[in-house]
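Chemist: Have a look at the structure that comes next, please.
The values are calculated or read from the model by the stated rules, or taken from the named source; none is laboratory data. Everything numeric here is computed off the predicted structure, so don't read it as measured data. Every residue, glycine as well, gets a Cβ built from its backbone with ideal geometry; the counts of neighbours run over all protein chains shown. When the accessible area is computed, the model is the full protein with side chains, heavy atoms only, and any ligands, DNA or RNA have been set aside. Shrake-Rupley method; radii C 1.70, N 1.55, O 1.52, S 1.80 Å.
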Amino acid sequence: MAPGSTNPKRICIVGAGAAGMSAAYALSRHPDRYKVTVFDKEPVAGGMATSIDIDPAKYGAAYINDGVQGCSPVFSNTLRMFRMLGFEPTEVGMQISFGKGEAFWSNVYPSELVAQFKADIVKFGKALSTIKKLEPIFAMIPVHVMLRMFNFSTGFGERMVYPLVALFFGTGNQTPYISSAILERVFMDPSMKLFEYDPKSLLASIPTMLAFPKLHDVYQAWRTEITSRGNVDFKLNHEVLRVISRSAKKDGPVQIEYKVAEGDLETAPRIAAFDELILAVDADSALKLLGKEATWIEKRVLGSVKYLYDVTITHNDFDYMQKYYETRYNSEHNAPLSSAATAEEREEMTKAFEFAERNFRPLYYTMQYAQDKSKIEMSFDLTHYQPQFRGEQPAGPISASDRSDGRNQCQPISDYARAAQDAGKGETGAEVRTGKDEQDAPEPPLQNHVFQTIFLDRDGSQDLWTWGEIREEKRIYEKWWKQQSHRWQHYAAVVPWMMFVNGKRHTHYAGAWSVLNMHELAVTSGFAAAYRLGADYPFHGDEDCERLFRLYLGVSHGSRMRKEDREGLLA
């Protein structure tokens, strides 16, 4: 808004997922400067971050988080926002079961496969260091080429690296084509790190991950906070059909056409005018909305984002899981105790085997298809992963009186957060929690766990899928997803060019697709779009949060923080 102006700038945000909500939140903090309208065709905010109800008397919990499960402890923007709203993620040990039979390995204990690829694992650490030093070059080199460049064995790539990459990014059958630089970042970047590299086992022990609280309630509380200042209007069940103009002379440069669609009811198209536009939707949808309004560079950059179609089947078919994954500790997979090992190494391995025998409880599983080992299927054990199966309240481990580290900062606390902080809700389903977790807390027995199996890349791999083997009576929910591919071309044709489309023709783009498909980057992208329109960065001064924000602002917008927000001689 120009100095001295009394009319708030009218902002249209399309999409109420993490990116759109973050942009709306940042803009809402300036009620005198912005009037914001958020459109989303769905009836609730959240985008891919959804929750669905399940039968507590059968499964031991009343809901699951679907699509987005949790995050790394370094996802500072996401965590601070959730905590401010009165929600707290739950710590969980990230145990992984890769492969089946002789192809099995895990980060819980050393297996025969880890021993077999001992030399490759040591070399992998050196490769990561080289990639970090030459990151701009390796950003354009796919993983399968990198593996050949460093002369890794074929089996190491197929059995260890590909499943690991698939797990990180949900890329499954596009795994060989992922940018090597992004693989390096999830090991070494302080704002994106998911795992620690270990020269003996590839992955260092069991990292702590965070399982999200009930996402439906988080996003409803977030919406309540955003609308509390009176300058943001949510139009849910409102589908934007097209962008009519971004250079109109009358009413406002941005003009959109939308319709109201709720159930079977649908209105005739309507037109609304705005000053600025934030497209917080996937790149493909953004291009469709722009239509003839898209410039040649927008068509080139956004059109280079490749999408794949996956299906997630939520089920409790334990027989299926046992057939294709290693669900229990099996001493037959133990790495041999080499006579050449030191006494300390032998003791360390023995302790790992003993720990696994008592505590092996994977959250993640991967399976490679025998017909093509570069192609992957993934599964989650939601009962192990999500804390409501062990009696946690929907808000997670937080109380209304906790004000530490910004918790419950949004006051008054929303009705959604207050209800989610009701510890009594954690008792729902308690009668069927007849098993025990590693700390002897009640949870459903393994044969009654809820699993999610993801079948990846419909157009390229459906002929390999084993989805027909999940019994119909064991299926709980099926959902199709449109997933971004992280192939190396994304980092050649999309990421470095976003700065040339952001902010042009009254339009900013927000979404994790602009860099990497992570909830944290979706949140950061929304803050960045609002910041470019003049809003404050909400977490200014929090270095853990601001580090990624500065990086994203530079990469995707070609911009630094405003002079008054910078510190230091060279800032």
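Chemist: Within region 10-38, can you find the residues that are under 16 Å from ILE256 (Cβ atoms) and charged (D, E, K, R)?
Modeler: Within region 10-38, ARG10, LYS35 meet the criteria.
Chemist: Then there is this: Just the residues that are polar (S, T, N, Q) and either open to solvent by less than 10 Å² (accessible area, probe 1.4 Å) or part of a helix (DSSP H, G or I) (or both), please, taken from region 513-529.
Modeler: SER514, THR524, SER525, listed by residue number.
Chemist: Any residue at all in region 405-423 that's over 30 Å from ASP457 (Cα atoms), open to solvent by 30 Å² or more (accessible area, probe 1.4 Å) and of a type in the set (Gly, Ala, Ser)?
Modeler: yes
Chemist: Working carefully through the options ILE137, ILE121, find the one that is more than 30 Å from ALA419 (Cα to Cα), in a helix (DSSP H, G or I) and either in contact with a His (Cβ under 6 Å, 6 or more places away or on another chain) or open to solvent by less than 10 Å² (accessible area, probe 1.4 Å) (or both).
Modeler: ILE121
Chemist: Something else: Looking only at region 530-546, decide whether some residue is at pLDDT below 95, open to solvent by 10 Å² or more (accessible area, probe 1.4 Å), of a type outside the set (D, E, K, R) and within 17 Å of the chain's Cα centre (by Cα).
Modeler: no
Chemist: Report those strands (runs of 3 or more DSSP E) wholly inside region 16-105 carrying at least 2 residues which are open to solvent by 10 Å² or more (accessible area, probe 1.4 Å) and touching a residue at least 12 places away in the same chain (Cβ under 8 Å).
Modeler: Those strands (runs of 3 or more DSSP E) span 34-40, 50-53, 90-93.
Chemist: Considering every residue within region 141-153, establish whether at least one is outside any helix (DSSP H, G or I), within 23 Å of the chain's Cα centre (by Cα) and crowded, with 23+ Cβ neighbours inside 10 Å.
Modeler: No - not one qualifying residue is present in region 141-153.
Chemist: Just need a number here: residues in region 220-244 that are over 30 Å from ASP415 (Cβ atoms) and crowded, with 19+ Cβ neighbours inside 10 Å. Before the answer, list the steps.
Modeler: Let us first name the residues in region 220-244 that are over 30 Å from ASP415 (Cβ atoms), namely 241-244.
Then drop every residue that is not crowded, with 19+ Cβ neighbours inside 10 Å, which leaves 243.
Counting residues in region 220-244 that are over 30 Å from ASP415 (Cβ atoms) and crowded, with 19+ Cβ neighbours inside 10 Å gives 1.
Chemist: Of all residues in region 506-537, which are hydroxyl-bearing (Ser, Thr, Tyr) and over 23 Å from PHE212 (Cα atoms)?
Modeler: Going through region 506-537, the residues hydroxyl-bearing (Ser, Thr, Tyr) turn out to be 507, 509, 514, 524-525, 531, 537.
Answer for region 506-537, where residues must be hydroxyl-bearing (Ser, Thr, Tyr) and over 23 Å from PHE212 (Cα atoms): THR507, TYR509, SER514, TYR531, TYR537.
Chemist: Working only within region 192-216, note down all residues that are part of a strand (DSSP E or B), crowded, with 21+ Cβ neighbours inside 10 Å and touching a helix residue (DSSP H, G or I) at 6+ places or on another chain (Cβ under 6 Å).
Modeler: LEU202, ALA211
Chemist: Do the conditions hold for GLU135, that is, is it under 20 Å from GLU196 (Cβ atoms), modelled with pLDDT of 95 or more and either of a type outside the set (S, T, N, Q) or touching a Gly at 6+ places or on another chain (Cβ under 9 Å) (or both)?
Modeler: Considered against the rule, which asks whether it is under 20 Å from GLU196 (Cβ atoms), modelled with pLDDT of 95 or more and either of a type outside the set (S, T, N, Q) or touching a Gly at 6+ places or on another chain (Cβ under 9 Å) (or both), GLU135 comes out as no.
Chemist: Can you tell me which residues in region 466-512 are of a type in the set (Lys, Arg), under 28 Å from ALA24 (Cβ atoms) and in a strand (DSSP E or B)? Step through it out loud before you land on a result.
Modeler: Step one: of region 466-512, the residues of a type in the set (Lys, Arg) are 471, 474-475, 479, 482, 487, 504-505.
Within this subset, residues satisfying the condition of being under 28 Å from ALA24 (Cβ atoms) are 479, 482, 504-505.
Residues satisfying the conditions are LYS479, LYS482, LYS504.
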